[in-house]
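The values are calculated or read from the model by the stated rules, or taken from the named source; none is laboratory data. Remember, it's a predicted structure, so these values are computed and weren't measured experimentally. In this analysis, Cβ positions are derived from the backbone assuming ideal geometry, glycine residues included, and neighbour counts consider all displayed protein chains. Keep in mind that these areas ignore ligands, DNA and RNA; they rest on the heavy atoms of the full protein, side chains included. Shrake-Rupley method; radii C 1.70, N 1.55, O 1.52, S 1.80 Å.
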Amino acid sequence: MVIVDDHLALISIAGALPDLGASSPVVTTYSFQYRMARAVSDSAQTGSLSSRLPDPAAALGRVTHPPAYRLVVLDPRSSIDEAIHVATSYRANLLLAELVGAALHHRAAIRVTPGNVGRTWARLMEAEGVDFATVEP
Amino acid sequence: MRRTNIYLTDVEQAALDARAAAEGSTRSEVVRSIVDQELNLRPDEQSDVDLALAETAAGLAERARELSRDDVDLHIT
């Protein structure tokens, strides 16, 4: 299992994911799904990407209910113990605690785009023994 | 494929067998078909929506970061 960020999740939903160097299935967290759904909805409202996103309602539906063969959204309740461990040990916010907690619980790898890597992430992943790498989209 | 044992009620088994008989299929094939359909597991070609999402993914990801910048729970730290 490989957990991806919102950027890679969008590409995965679109069926255009590059090689992640980790075994499938491709999954994401609820927080990352929320972020990408909010971005799609916001873009539809503001019309910022209207020329390239002609059917924002369909796009939003694809993001909120992605086909399982392309992307699965993990239930955060299953890894809450690990997420709380990460939050209390590293003062991680919800996004990071859920991400690393899910990786620990499911023994999954994490792949994110360079723009979504926080300052402390690499050190935290190493300390927790998580297979972590960045992927150029 | 992996062998999987599940418990079904008598009514569910009878309904599955009736469907299988009507389709000239087997109970296993009917269960797999229902699971595929319910979980949307059948790969398809890239739709127009998929192509649009692929083209706008970078812009949407940047917008997601902007929207989360003032959200203590969801921003990248």
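Side notes on the structure shown:
- Residue-count net charge about A:HIS105 - beta-carbon cut-off 13 Å; Lys, Arg +1, Asp, Glu -1: -3
- Dipole in debye (nearest 20) - the protein assembly as shown, about Cα centre, beta carbon charges: Lys, Arg +1; Asp, Glu -1: 320 debye
- Loop-located GluC sites (Glu not before Pro) in the stretch B:15-77 (DSSP state not H, G, I, E or B) with no more than 13 neighbouring Cβ atoms inside 10 Å: B:GLU45.
- Near A:VAL2: Cβ cut-off under 15 Å, other residues only, Lys/Arg at +1 and Asp/Glu at -1. The net charge is -1.
- The percentage of C-alpha pairs in the stretch A:14-113 whose separation is greater than 16 Å is 62%.
- In order along the stretch B:15-20, phi translates into HN-Hα couplings of 5, 4, 5, 5, 4, 4 Hz, rounded to whole numbers, per the Karplus curve 6.51 cos²θ - 1.76 cosθ + 1.60 with θ = phi - 60° and x for Gly and Pro.
- The stretch A:1-115 - percent relative contact order, Cα under 8 Å, separation 6 or more: 36 percent
- Residue range of chain B that is longest and free of trypsin sites (Lys or Arg not before Pro) which are both DSSP loop and sparsely packed (at most 15 other C-beta within 10 Å): B:4-68
- The stretch A:48-137: relative contact order as a whole-number percent, Cα under 8 Å and 6+ apart: 20 percent
- Each Lys or Arg adds one and each Asp or Glu subtracts one; over the other residues with Cβ under 14 Å from the Cβ of A:LEU20, this totals -2.
- The stretch A:1-74 versus the stretch B:3-77: alpha-carbon centroid distance in Å: 14 Å
- With the simple model of a label 7 Å out from the Cα in the direction of the Cβ, B:ASP73 to A:ARG119 spans 2.5 nm.
- R0 of 30 Å, Cβ-Cβ distance B:ASN5-A:HIS105: FRET efficiency to nearest 0.05: 0.75
- For the stretch B:20-62, dividing the convex hull volume of the Cα atoms by the residue count gives 92 Å³ per residue.
- Estimated 222 nm signal from helices in the protein assembly as shown, with DSSP H stretches of n ≥ 4 weighted -39500 (n - 2.57), rounded to 500: -16500 deg cm²/dmol
- Across all C-alpha atoms in the stretch B:38-77, the radius of gyration and Dmax reach 14.9, 39 Å.
- Hz values of 3J(HN,Hα) by residue in the stretch A:34-40 - Karplus curve (6.51, -1.76, 1.60), Gly and Pro given as x: 4, 4, 6, 5, 5, 5, 5
- If you sort the three axes of the alpha carbon gyration tensor as a ≥ b ≥ c, you get a/c of 1.5 or more for the protein assembly as shown and a/b no higher than b/c, which makes it oblate.
- Counting only protein heavy atoms and a probe of 1.4 Å, the accessible surface of chain B is 49% carbon and sulfur.
- Heavy-atom accessible area ranking, 1.4 Å probe, most first, across A:TYR69, B:TYR7, A:TYR34: B:TYR7, A:TYR34, A:TYR69
- Interface B:A - total buried accessible surface [probe 1.4 Å, Å², rounded to 100]: 3000 Å²
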